[in-house]
Amino acid sequence: MPRAPRRPSDEARRATYKPRVDFNRSRRRREDGLLALRRLDRDAGLFKRRRDEPTLVPTSATAPDPNEATADAAHSRPSTSRPSSPPDPAAPRDGADSELEGMSEMVDKVWSDDTTSQLEATVQFRKLLSDEKNSTVIKIIRADVLTRFAEFLSRHEHPQLQMEAAWVLTNIAASDYTLLVAECGAVPRLVELLGSPNANIRHQAIWCLGNIAADLSSCRDILLDHGAVTPLLSQFSEDMRVPVLRTATWALANLCFGKLSAEVQVKPILEIMNQLIHSADEKILADACWTIYYICSGTDDAIQNVLNAGVCPQLVNLLMHSSSSVLLPVILALARISAGDDAQIQGHIISAPRTYVLAVGVKVLIEHGILNFLAQILVRNYPKNIKKLACLIVSNITAGSKDQIQAVLDAGVLSPLIPLLKTSEIDIRKEAAWAISNAASGGSSDQIQHLVSRGCLEPLCRILTCQDSELVYTCLEGLQNILESGEAGKKGQDSGTNPYAEFILECGGLDVLEELQDVDNDRIYKLVMKLLERYWEEEVSSGPDVPGSADSADTAGTGSEEAAAQPSIPSSGANEAD
């Protein structure tokens, strides 16, 4: 069929448009979406940690043992929803009366004035909670004893009672009813217990606070309001036992989840994390990396604080860690650092319609060899989300200066990106397209020549059919820069034709561009029309009155996959590698 663009008036088109996308913020929104992958990949129960019964009942307060399966916790907000309302102790009980009948004696002992009876009953409640059932938690809540256990936390003359009460509250806080623990008066007492002379009590208090912080943001805010961060940081010391260090690092990570208030000083937290990310213990290492990632995402000047802490060299080295529980928070943190923030962006180079951001974080990461590690990740058998994030980091780097783009080319990162753009799952293809399009949009003629010689044009044209308008526009920008480079290079060619335009025509890219004339996005439409009119004026102006025009169009489209000639690269004899 003849190629004839349909061009309604601007007024008619604007009347049907959806609100225009803010392209200046597109990259950050895409990063925020990718950095939320951890929320989708985690089991809800692993974010909190219960303390199970020991094999042998100790005769004195024992330290909690976080060497349980649940200690492999990866940080993700629980997907299970909180019950619409907690059980009301004053509500009619009916069936609950019989359920509570067996624990009425325990309740009486808890509320008695005899310390021995109080301890005995508290231990019994702690053992009841070992069945991990929400129904048991509900029974205990209905017994209206939470405030009593909170009171026991202040019995400094009875450390065993403090320990058992903190243990009960720890396991209730690991359930769906964490908010009740946070609001029963236990939090200020738990924070006070972080200064206890008894190491086992301090450990149990840390554990309980960690479970509270892992719940709703309102629970974490209660801890922050009571100043939990500073006494928690004071727990970290050189002679700290590994089980306690694991629990403290996990609890601190939970406290750092979400946007931290200006009152929270992240510098001392990062100083401790800078030590812990060299740990040989995988669980400590993973939680320390999660903490850094949370801080990267949680304050206005977060990235600069992280850079000042000097954690980047070790984070880059950890990209080759064998454990996925460590690699995921590492690559998430590096992706966030590569994006930069308003406080650490050095400057902007405006080149309409594109903005290139030069961030300090990218420079630091390149200096410490991140590109070599990313190249290895892209060619090896890593999970999809890891490869997506690796492509994201590359795209943040290629969105910068020509020197950054050259660093990507010199490190050989482009070689695995082209195959990913051609054959991977759509999510990875999109991220690879961002990386290559950014390079094409900001690259020099020699860099574009290298990109085209490696075979990027055809897959870039194919990705234009995706439904992501931001990505489509970025790819169009990349194609525009490639075509402009080809236009400058054709002056030295005998044919006087743009080799890149010819190849886009032969591989079916022109058909895709024509389809984009119908997109309900003004910015995309205008750029498409600009490209069509400048580089394929003959093709788009061919009408029915031109003999053979329809046959010519069909022939070009039909033979594109079998006989697409390599573009004649200006001033180079390089061939497509892929």
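The values are calculated or read from the model by the stated rules, or taken from the named source; none is laboratory data. A quick note: this is a predicted structure, and the numbers were derived from the prediction, not measured. Here the Cβ positions follow ideal geometry from the backbone for every residue, glycine too, while neighbour counts run over all protein chains shown. These accessible areas exclude ligands, DNA and RNA; they are computed on the full protein's heavy atoms, side chains included. Shrake-Rupley method; radii C 1.70, N 1.55, O 1.52, S 1.80 Å.
Filtering segment 500-559 to residues that are modelled with pLDDT under 90, farther than 21 Å from T465 by Cα and in a helix (DSSP H, G or I) leaves E537, E538, S541, S549, A550, D551, S552, T555.
Going through segment 519-530 one residue at a time, which ones are touching a residue at least 24 places away in the same chain (Cβ under 8 Å) and surrounded by fewer than 19 Cβ atoms within 10 Å (Cβ to Cβ)? Within segment 519-530, V519, D520, D522, R523, M529, K530 qualify. Taking the criterion of being within 16 Å of E151 (Cβ to Cβ) and not in a loop (DSSP other than H, G, I, E, B), the residues of segment 183-203 that qualify are A186, V187, P188, R189, L190, V191, E192, L193, I201. Of the residues L420, L476, the single one that is within 26 Å of S338 (Cβ to Cβ), open to solvent by less than 10 Å² (accessible area, probe 1.4 Å) and under 31 Å from the mean Cα position of the chain (by Cα) is L476. Criterion first (without any contact (Cβ under 8 Å) to a residue 60 or more places away in the chain and touching an Asp or Glu at 6+ places or on another chain (Cβ under 9 Å)) does V191 satisfy it? Judged against the criteria, V191 is not a match. From the list S154, S112, S130, S135, the lone residue that is of a type in the set (S, T, Y), open to solvent by 20 Å² or more (accessible area, probe 1.4 Å) and within 26 Å of P197 (Cβ to Cβ) is S154.
Checked against (1) at pLDDT below 50; (2) farther than 30 Å from L328 by Cβ, E68 passes all but a single condition, namely (2). Checked across segment 312-322, the condition of being open to solvent by 40 Å² or more (accessible area, probe 1.4 Å), of a type in the set (A, V, I, L, M, F, W, C) and farther than 19 Å from L389 by Cα holds for no residue. In segment 277-295 there is at least one residue matching the filter, namely being among the polar types (S, T, N, Q) and closer than 20 Å to L318 by Cβ.
Filtering I482, I448 for residues that are within 15 Å of L513 (Cβ to Cβ), of a type in the set (A, V, I, L, M), outside any loop (DSSP other than H, G, I, E, B) and at pLDDT 90 or above leaves a single hit, I482.
Restricted to segment 223-264, and to residues that are more than 20 Å from R49 (Cα to Cα) and of a type in the set (S, T, Y), which residue is nearest to the chain's Cα centre (by Cα)? Restricting to residues being more than 20 Å from R49 (Cα to Cα) and of a type in the set (S, T, Y), the top hit is S261. Tell me which residues, restricted to segment 253-276, are part of a helix (DSSP H, G or I), among the hydrophobic types (A, V, I, L, M, F, W, C), under 16 Å from I212 (Cβ atoms) and out of contact with any Leu (no Cβ under 7 Å at 6 or more places or on another chain). Answer for segment 253-276, where residues must be part of a helix (DSSP H, G or I), among the hydrophobic types (A, V, I, L, M, F, W, C), under 16 Å from I212 (Cβ atoms) and out of contact with any Leu (no Cβ under 7 Å at 6 or more places or on another chain): A253, C256. Taking the criterion of being closer than 18 Å to P188 by Cβ and assigned to a helix (DSSP H, G or I), the residues of segment 217-231 that qualify are S218, C219, R220, D221, I222, L223, L224, D225, V229, T230, P231. Comparison of L374, L409, L365, L378 shows that the only residue that is surrounded by 21 or more Cβ atoms within 10 Å (Cβ to Cβ), touching a residue at least 12 places away in the same chain (Cβ under 8 Å) and farther than 24 Å from G310 by Cα is L378.
This table checks each residue for (1) modelled with pLDDT of 85 or more; (2) in a helix (DSSP H, G or I); (3) farther than 18 Å from I295 by Cα.
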{"position": "Q314", "(1), (2), (3)": "yes, yes, no"}
{"position": "L319", "(1), (2), (3)": "yes, yes, yes"}
{"position": "V330", "(1), (2), (3)": "yes, yes, no"}
{"position": "I337", "(1), (2), (3)": "yes, yes, no"}
{"position": "G347", "(1), (2), (3)": "no, no, yes"}
{"position": "T355", "(1), (2), (3)": "no, no, yes"}
{"position": "V362", "(1), (2), (3)": "yes, yes, no"}
{"position": "F373", "(1), (2), (3)": "yes, yes, yes"}
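Can you name every residue in segment 232-248 that is assigned to a loop (DSSP other than H, G, I, E, B) and of a type outside the set (D, E, K, R)? Listed by number, the residues that qualify are S234, Q235, F236, S237, M240.
Consider S441 against the criteria (1) open to solvent by less than 20 Å² (accessible area, probe 1.4 Å); (2) part of a loop (DSSP other than H, G, I, E, B): it satisfies all of them except one. Which criterion is unmet? So the condition that S441 fails would be (2).
Against the list (1) open to solvent by less than 10 Å² (accessible area, probe 1.4 Å); (2) outside any helix (DSSP H, G or I), the condition I172 fails is (2). Evaluating E105 against the criteria (1) at pLDDT below 90; (2) open to solvent by 40 Å² or more (accessible area, probe 1.4 Å) leaves one unmet condition, (1). Of the residues making up segment 150-172, one or more are at pLDDT 95 or above, among the aliphatic types (A, V, I, L, M) and more than 38 Å from the chain's Cα centre (by Cα). Collect the residues in segment 459-479 that are out of contact with any Leu (no Cβ under 6 Å at 6 or more places or on another chain), under 26 Å from K384 (Cβ atoms) and in a helix (DSSP H, G or I), keeping them in residue-number order. Within segment 459-479, L460, C461, R462, I463, S469, E470, L471, Y473, T474, G478 qualify.
Here D144 meets the list (1) open to solvent by 60 Å² or more (accessible area, probe 1.4 Å); (2) in a helix (DSSP H, G or I); (3) farther than 28 Å from A248 by Cβ almost entirely, failing just condition (2).
You will find that of G412, G400, the residue that is assigned to a loop (DSSP other than H, G, I, E, B), closer than 18 Å to G478 by Cα and out of contact with any Lys or Arg (no Cβ under 7 Å at 6 or more places or on another chain) is G400 and no other. May I ask you to verify whether I212 is free of Cβ contacts under 8 Å to residues at least 40 places away in the same chain and open to solvent by less than 20 Å² (accessible area, probe 1.4 Å)? For I212, the condition - free of Cβ contacts under 8 Å to residues at least 40 places away in the same chain and open to solvent by less than 20 Å² (accessible area, probe 1.4 Å) - is met. Filtered by the rule that a residue be touching a Leu at 6+ places or on another chain (Cβ under 9 Å) and either over 22 Å from E487 (Cβ atoms) or among the polar types (S, T, N, Q) (or both), segment 442-458 gives a lone residue, Q447.
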